[in-house]
Every structure is written in structure tokens, then in C-alpha cells.
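Read through the structure below, which is laid out as C-alpha cells, and then see the notes.
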Amino acid sequence: MKNYVKPTVVPADGFCEGIYMASGSNDCLTITADIEYTPDMQFSGGRYSIRLTANHTGDHFSYKQRATITFNKSVEFFEQQGGGVCVGSASGTVLVIEWDLSAYGIGPGEQHGYGYLKVSADLGLEILSVSAEDLSNGSVRSV
């Protein structure tokens, strides 16, 4: 870089770039879902283990969260080892899981592991999308 150009902040509704500028934003919760165990159909009956982790960037405590997970194949909910409850249909290509953490919550800037979501499905299961919602604050973020 030959010439120094002083950085400037240019307001653009709905965009944040370069540095953290999202204070006060409703997009405060991101939940990732990673398939960590792919079943051997002969021995496990087609059960997948999916690790769920949240990253909370808000300036408040989050006491209730919801994740909407979309799969490429139909799944059957088996259990959520982190205390989550399947809301609505327990089978299909979309599962909705809610957590009530009213005893402690997720603080500002904290990460939280929800444990494993266990589902049954045919081989080749993939996660197409995960949408996170902080029900304490009413924010939604898709990844």
C-alpha cells in the first residue's frame, strides 16, 4: 500500500463490515450444527449425532433459544441430550428444537454447547441450513 487512506464509516442500513458494529442489533444468536457421527446402518439403525453450539453476541442474557434445522432427507427425532425439546413435528426435513435456560442463560459474548441432537435417517444425511432465534430478545439469524 503506497498511500495511506484514512478509514471512514459509511452508514448502510442492514450491513456491518470490517469491525464489529452490530451493538444493539437483533441478530445476537448463531447456532451451528455439525454432523459428528455418521451411522453404520447395520449396527446403529441409522442414528446420526449432531453437535449443536450457540454463540451469543448480544449485550443481554439469553434465556430461551430456538433452532430450526433443515435437512436434505427426512429425519426422525430421537433425542436432544442438552435438554432441548422438539417443537412441532418430530419427523420430516425440518426440525425445530427449543431450549429453556431460565436457571442460568447464555451471557453476553458466551458460547454454549447444547450437546448432541440424535436423529434417525437414511445414509447421506446433510444439514442444509440452521436458523437461530433468541426467544428472550426476539432476534433471528440464519446461517
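The values are calculated or read from the model by the stated rules, or taken from the named source; none is laboratory data. Please read all numbers here as calculations on a predicted model, not as lab measurements. Here Cβ is always computed from backbone atoms with ideal geometry, including for glycine, and neighbour counts include all displayed protein chains. All accessible areas refer to the heavy atoms of the entire protein, side chains included, with ligands and DNA or RNA removed. Shrake-Rupley method; radii C 1.70, N 1.55, O 1.52, S 1.80 Å.
Quick look at the values:
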read-out	value
Karplus 3J(HN,Hα) series, Hz, for segment 95-100 with 6.51 cos²θ - 1.76 cosθ + 1.60 (x for Gly, Pro)	10, 10, 10, 10, 10, 10
Under the Karplus curve 6.51 cos²θ - 1.76 cosθ + 1.60, θ = phi - 60°, whole-Hz ³J(HN,Hα) for segment 57-65, x wherever Gly or Pro sits	9, x, 9, 9, 8, 9, 9, 9, 10
Cut-off under 5 Å, modelled amide H: who pairs with GLU110 long-range	HIS56
Qualifying chymotrypsin sites (Phe, Trp or Tyr not before Pro) for segment 68-140 [loop in DSSP, other Cβ within 10 Å: at most 16]	TYR104
For TYR48, distant residues with modelled amide H under 5 Å away	VAL119, SER120, ALA121
Amide H contacts of LYS64 (H built 1.01 Å from N, under 5 Å, at least 5 apart or other chain)	LEU101, LEU135, SER136
For segment 54-139, accessible area per residue (1.4 Å probe, heavy atoms of protein chains only), Å²	46
Derived scalar couplings ³J(HN,Hα) [segment 49-54; Karplus, 6.51 cos²θ - 1.76 cosθ + 1.60; whole Hz; x for Gly, Pro]	10, 10, 7, 10, 9, 10
Around VAL85: net Lys/Arg minus Asp/Glu count, Cβ-Cβ under 9 Å	-2
Candidates per trypsin sites (Lys or Arg not before Pro) in segment 46-143, loop by DSSP, up to 13 other Cβ within 10 Å	none
Distance in nm between pseudo-label sites at GLU110 and THR70 (7 Å out along the Cβ direction from Cα)	3.1
Cleavage-rule hits (GluC sites (Glu not before Pro)) in segment 74-138: DSSP loop, at most 10 neighbouring Cβ within 10 angstrom	GLU126
Selected from ILE69, SER102, VAL85, residue furthest toward positive end of dipole (segment 59-103; charges at beta carbon)	ILE69
